[in-house]
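Reviewing the structure listed below.
The values are calculated or read from the model by the stated rules, or taken from the named source; none is laboratory data. Since the model is a prediction, treat every value here as computed from it, not as a measurement. Reconstructed Cβ throughout: ideal geometry from the backbone, glycine too, with neighbour counts over all protein chains shown. Please note that ligands, DNA and RNA were not included when accessible areas were found on the heavy atoms of the full protein model with its side chains. Shrake-Rupley method; radii C 1.70, N 1.55, O 1.52, S 1.80 Å.
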Amino acid sequence: MTPTPQEPPEEGPETEDSGSSTDGFDPSLRGWIDPDDRLWRHPSEVAMGAVRAAHTPLGGIRHPRTMILIGAAATLAAIAWAIVLISPASDQPAATTASDNAPEIPMTTLAGESEQVPALAATAGRSVVQLQANTSHGIVSLVGVAVAEGGLVATTANGLSGLESLWMIGTDGRPVRASVLSVDESSDLALVSVPDDLPVAPFADDATLTAGSPDLTLSMTAPTSGTMTLHAEAGSVTSIGTMIGSGLAKGMPGITSTVPSVQSEQPGDPLLNREGAVIGILYQAGTSSTFLPAQLVLGVVDDLRSTGKVSHGWLGVRGTTAPGSGGAEVAALMPGSPATDVLQPGDVVVALGAVPIRSMADLRGRLYVLAPNSKIELSVLEGATTHVVDVTLGASP
């Protein structure tokens with residue numbers, strides 16, 4: 001079953017600020033992450049466009065002397081193994097037992113490759129895994145997308161409510177234990193650990209997307225003849241930065257896409273751009289499906305990986321999406337907010353650094369993944385004039 005996000009209690013006017021929650025999950029990954037290892041970058045740290053997370057295997061040419069040493073080592077190992085075989089049982093090392101959540105077979109998501117998956121989607125397809133959540137209200141199927149090495153995948157959090165156990169479905173249809181590391185309810189995102197070191201998916205920012213841009217949705221079909229099968233369906237983007245109106249991620253930005261006939265949409269299904277990079281993961285399916293944007297996904301799971309929660313910066317404005325060309329129009333400033341001395345009602349924020357701002361929800365989503373005390377540049381349209389202001393974000397009250 002695919003869960004339908006539930007409507008939260010009524011909120012006040014639209015704002016860029018929102019709290020975060022971990023819903024009782026005990027994060028097991030802590031510690032500061034070096035900037036070179038972070039999954040997400042501040043807009044000033046990267047050029048507008050792709051935000052990539054990828055992993056490249058290293059290789060080299062073996063020197064002949066090295067090969068001789070390897071051969072000698074292999075000979076010694078064989079002699080040692082023969083001694084172990086003929087020694088008394090009491091002299092041999094005790095047998096060990098594999099952990100319950102270790103994979104019993106090699107896992108490759110694309111073991112049952114489908115001709116329906118174009119070559120441009122192959123890289124992202126190898127980073128997709130099928131999840132099954134056993135919850136107090138039934139069995140929920142989700143999809144996870146690899147966001148970091150070591151089997152760390154992102155998915156949506158709503159389907160994990162009342163979780164009793166979580167499983168990764170192997171390519172042969174057999175379940176293998178997985179675990180939830182942490183969740184952020186305000187963005188409806190969860191960080192999950194699976195017993196398969198999937199290659200990290202390529203990701204891209206939605207900054208260069210436009211309505212009508214071609215896209216591709218990847219989904220997993222139910223096991224057939226003992227294998228999981230990846231399916232791809234072409235569609236097109238219908239909107240970017242549109243405010244999500246219901247569910248846990250209410251108020252966050254979404255990418256909407258019209259997909260003609262996806263076989264089995266599940267929360268977490270990745271949405272790809274024309275280059276095959278992930279630009280979002282499925283939040284809510286429908287005639288026009290809604291996806292959480294990649295920059296929100298990466299920013300949130302980066303915080304969950306390092307601290308177990310999202311500590312986001314605070315600008316302190318209320319507003320709406322500006323009519324016409326878009327942007328975030330300021331309606332009111334919160335008392336004591338960092339925006340008090342630099343913005344005023346009627347201003348329209350049209351860019352954060354080099355990244356265009358399409359809506360109030362878009363501004364909120366991009367600020368949500370920036371830490372308190374982050375220094376940012378806002379391009380502001382005041383009347384017919386655009387100027388740049390510097391702001392240091394505060395801590396969310």
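Filter region 354-366 down to the residues that are buried (at least 19 other Cβ atoms within 10 Å of the Cβ) and of a type in the set (Gly, Ala, Ser), then identify the one that is farthest from the chain's Cα centre (by Cα).
Ser359
Looking at region 356-382, which of its residues are part of a strand (DSSP E or B) and farther than 16 Å from Ala294 by Cβ?
Selection gives Lys375, Ile376, Glu377, Leu378, Ser379, Val380, Leu381, Glu382.
Can you tell me how many residues in region 323-337 are out of contact with any Leu (no Cβ under 6 Å at 6 or more places or on another chain) and more than 18 Å from Thr210 (Cα to Cα)?
The number of residues fulfilling the criteria is 8.
For region 372-382, name all the residues that are open to solvent by less than 70 Å² (accessible area, probe 1.4 Å) and over 12 Å from Leu315 (Cα atoms).
Ser379, Val380, Leu381, listed by residue number.
Looking at Val350, Val301, Val369, which is the one that is modelled with pLDDT of 95 or more, in contact with a strand residue (DSSP E or B) (Cβ under 6 Å, 6 or more places away or on another chain) and crowded, with 21+ Cβ neighbours inside 10 Å?
That would be Val301, the only listed residue that is modelled with pLDDT of 95 or more, in contact with a strand residue (DSSP E or B) (Cβ under 6 Å, 6 or more places away or on another chain) and crowded, with 21+ Cβ neighbours inside 10 Å.
Quick one: Val259 ticks every box in (1) farther than 21 Å from Val192 by Cβ; (2) in contact with a Pro (Cβ under 9 Å, 6 or more places away or on another chain); (3) among the hydrophobic types (A, V, I, L, M, F, W, C) bar one, so which box is it?
Result: Val259 fails condition (2) only.
Kindly provide the set of residues from region 311-347 that are assigned to a loop (DSSP other than H, G, I, E, B), open to solvent by 40 Å² or more (accessible area, probe 1.4 Å) and acidic (Asp, Glu), ordered by number.
Of everything in region 311-347, just one residue is assigned to a loop (DSSP other than H, G, I, E, B), open to solvent by 40 Å² or more (accessible area, probe 1.4 Å) and acidic (Asp, Glu), namely Asp341.
Here are the criteria: (1) touching a Gly at 6+ places or on another chain (Cβ under 9 Å); (2) in contact (Cβ under 8 Å) with a residue 12 or more places away in the chain; (3) assigned to a loop (DSSP other than H, G, I, E, B). Tell me which single one Thr242 does not satisfy.
Of the numbered conditions (1) touching a Gly at 6+ places or on another chain (Cβ under 9 Å); (2) in contact (Cβ under 8 Å) with a residue 12 or more places away in the chain; (3) assigned to a loop (DSSP other than H, G, I, E, B), the odd one out for Thr242 is (3).
What's the total number of residues in region 153-204 that are open to solvent by less than 10 Å² (accessible area, probe 1.4 Å), among the aliphatic types (A, V, I, L, M) and in a strand (DSSP E or B)?
Number of matching residues: 9.
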